[in-house]
Each structure stands twice: as C-alpha cells, then as structure tokens.
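Asker: Just passing along the structure, written as structure tokens.
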Ligand code: PBG
C-alpha cells in the first residue's frame, strides 16, 4: 500500500475531529444483528436466580423464560444459545439426561418455538452439563472415549433437531463428530438444520464461571486438555477448521475470544465460512466486575466486541448481548 503525502500536508487527526466524522469513516460497527445471547435454564417454577460467578446473568426456570425472551425480541437479537443447569440427581457417568426428550433444553426449545418462533436457537452438543464427572464425553478405561461419545452426541443432536433447534453446535471437541452428526441429520431429512461447529475450542482457564453456571465445576476431575486445544498452538487451528468444514460445518466457532484475536483473523482470511466468536464467561466476568467497580468505563464492553468484528467475526456470542443491544438502541 502506498502512503500518500506526509506531514504537514497530511494530518490523520483531521478525520478524527468530530464525532460525526469519526462515525462516517468508522471501519467497523456492531449492530443487534451481530449478537447471540446465552441463556441458562433451571428446574423449578417461578425462579429467576442470579449466578454468583457471573454478575448480571441469571438462570431461568422454563416458565420464566418469557421474561428474557421478550427482551431478546424487543431488542431484535437474532439468536439465543441454551444451556441447562441439570440437578445433581439427574447426572450420571454417561450423561443420560442429555437424551431425555423432557430435559431442560427440550422444554426450553418447545417454549421458544411455540411462543417466539422468530428467534433463532442454537444448542450445545456435549455431555458436560449432564455427566457426574463434568466431562464432555464418556469415560472408558480412564479416558474420554472419542468414538463411543460420538454415538451419544449424534443422538443428542437428533433430539435437539426434532425439538426445533435451528443450529446444532457441537462443543465437545471429539474428532469426527461433525461428519457423524451431519450424516444423521440428513438421514432424518433435517437438511435445513445447520451445524455451528466449535471448531476451535482451546482448553482455556476462562470457562470457570460457565462451569459454575451449569453446575459442572465442582464435579470436574482433572482438566479437558486431552480433547480441547492447547493454547500454545496456532497451526492446529487451521487443521481443525479445515476438517470440520469438510465434514459439513456451516459455520465455525472460535473460543475464547479476547485472547485469540490472531486466530480469528487468520481463520477469517483463510476460509470462506462465517466465523462466530464466543466471548466466554471468564472474559465477561472480568470486564463486568471491572465496570461495576468503576475501574473500567462501560465503553470497554463495546470496545471488546468491536475487537472481534475488526478481527473478522460475523457474530459474537456474549453475555453482554442484551446490554449492548439496549445501548445501541439508545444511540440510534
Ligand atoms: C461445554 C461448554 C463450555 C462452554 C460452552 N460450552 C465449557 C467447557 O467446555 O468447559 C464455555 C462457555 C463460557 O465459558 O462462557 N462444552
């Protein structure tokens, strides 16, 4: 790229002189269309319970989902992501509750698809909210068994599709699960159900508050490093995405977000596929606490989301989604 002119003829500050001009030349912006809101569902009736590790985020009983979905509709957020807080007595070593047609996710899907059919829904495919050991797969001979886990994940995905889920999001990091799920969906004629693969999911320290939110934190033995990615690696991320697209992924997720902007930018430049970024619970809680304690200005939240757009994200899954959508509405 050729630089045209230099100081004093060229002054880059000229285009920063007023708000309207900065707005005019801004290269990236966020809109409500870029946001996905995660929602935690719990058992019981008439319950809206604050999650301690995630200030400002609640768990809703199924009958109370309306309260948050009305907001999602009002502020025109295109999609929500559902996560269950499964009671301990429904957890076992195989995560059987994942296949119960009356589990929290299925009941949540029914509510949304009947009362809020205009809102898109994505559901995680993984066993960790349902297993007594907190892992995403089943344990055989002391290992998270890849191929046996896939068999269950395929059933979980089919159940979600039957209940009306629009976007199936495998977050388990087993090898080969995207291909297996696509094949099973097609066999049942779910041609229009998309797969958003968590293609790049690092074994991150920043999932802590989420694990607390779905109740798997205290259960988790050891860590997830035998299936989630090593955060020292970058080349591996190309291989992960390449394979998942070959297997039939329609969109890919990169996770976490803020510490992985290099990965987002690389993947965006290399593959022709929508890239979704997950600003995970640890990133959220850090920022949210700092904003609440007035250590950071509220604008830090917008800055963080814009950084994902600048890196190449099509959309961002974030616990800030509603707050941001409200703010955007105020501005416009
Ligand atoms: C479950 C799952 C996790 C997250 C999304 N799906 C946690 C994990 O893999 O341990 C993390 C989300 C967040 O931290 O906000 N497989």
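Asker: If R0 is 45 Å, what FRET efficiency do you get for residue 70 and residue 221 from their C-beta distance, rounded to 0.05?
Answerer: According to the calculation, E is roughly 0.70.
Asker: Report the residues of segment 30-44 in range of a label on residue 111: point 7 Å along Cα→C-beta, backbone N strictly under 18 Å from it.
Answerer: Taking a point 7 Å out along Cα→Cβ of residue 111, the residues of segment 30-44 whose backbone N falls under 18 Å are 37-44.
Asker: What nm distance separates the two modelled labels at residue 53 and residue 184, each placed 7 Å from Cα along Cα→Cβ?
Answerer: 2.7
Asker: Separate question: Kirkwood Rh over Cα pairs of the chain into Stokes-Einstein at 20 °C, 1.002 mPa s: D in µm²/s?
Answerer: Rounded, D is 103 µm²/s.
Asker: May I pose another question? If I model a spin label at residue 29 and residue 300 as a point 7 Å from the Cα along the Cα→Cβ vector, what separation in nanometres do I get?
Answerer: That separation, rounded to one decimal, is 2.6 nm.
Asker: Further question: On C-alpha positions alone, give me the angle between the axis of helix 235-247 and the longest principal axis of the chain, in degrees, nearest 10.
Answerer: 60
Asker: Within segment 193-235, find all residues whose amide N lies under 16 Å from a label point positioned 7 Å from the Cα of residue 265 along Cα-to-beta-carbon.
Answerer: Of the residues in segment 193-235, 234-235 have backbone N under 16 Å from the label point off residue 265.
Asker: Relative to the longest principal axis of the C-alpha atoms of the chain, give the angle of the C-alpha long axis of helix 281-292, reported between 0 and 90° and rounded to the nearest 10°.
Answerer: Compared with the principal axis, the helix lies near 50 degrees.
Asker: When the chain is modelled as a GNM with alpha-carbon springs shorter than 10 Å, which of 296, 24, 287 fluctuates the most?
Answerer: Result for the chain, Cα springs under 10 Å: 24 fluctuates most.
Asker: Still on this model: Could you work out how far helix 104-115 tilts from the main Cα principal axis of the chain, as a 0 to 90 degree angle to the nearest 10?
Answerer: Computed tilt is about 60 degrees.
Asker: Give or take rounding to whole Å, what are the principal axis extents of the alpha carbon atoms in segment 201-332, in descending order?
Answerer: Largest to smallest, the principal-axis extents are 42, 39, 23 Å.
Asker: Of all beta bridges DSSP finds with both residues in the chain, what is the antiparallel percent, to the nearest 5?
Answerer: The antiparallel proportion sits near 15 percent.
Asker: Okay, moving on. For residue 22 and residue 236 in the same chain, what is the full-extension length gain: residue separation times 0.36 nm, less their Cα-Cα distance, in nm?
Answerer: Working it through step by step, the gained length comes to 73.2 nm.
Asker: Per the Cauchy relation, a quarter of the hull surface: what is the mean projected area of the convex hull of the alpha carbons in segment 249-296, in nm²?
Answerer: 3.8
Asker: Compute and list, largest first, the equivalent-ellipsoid semi-axes of segment 151-248 from the alpha carbon gyration tensor, each √(5λ) rounded to a whole angstrom.
Answerer: 25, 18, 10
Asker: Something else now. Just want the ordering: 153, 243, from fewest to most Cβ atoms lying within 10 Å of their own Cβ.
Answerer: Final ranking by Cβ density, sparse to dense: 243, 153.
Each value in this text was obtained by applying a stated rule to the coordinates, not by laboratory testing. Computed from a predicted structure; not experimentally measured. Positions of Cβ are backbone-derived with ideal geometry, glycine not excepted, and every protein chain shown enters the neighbour counts.
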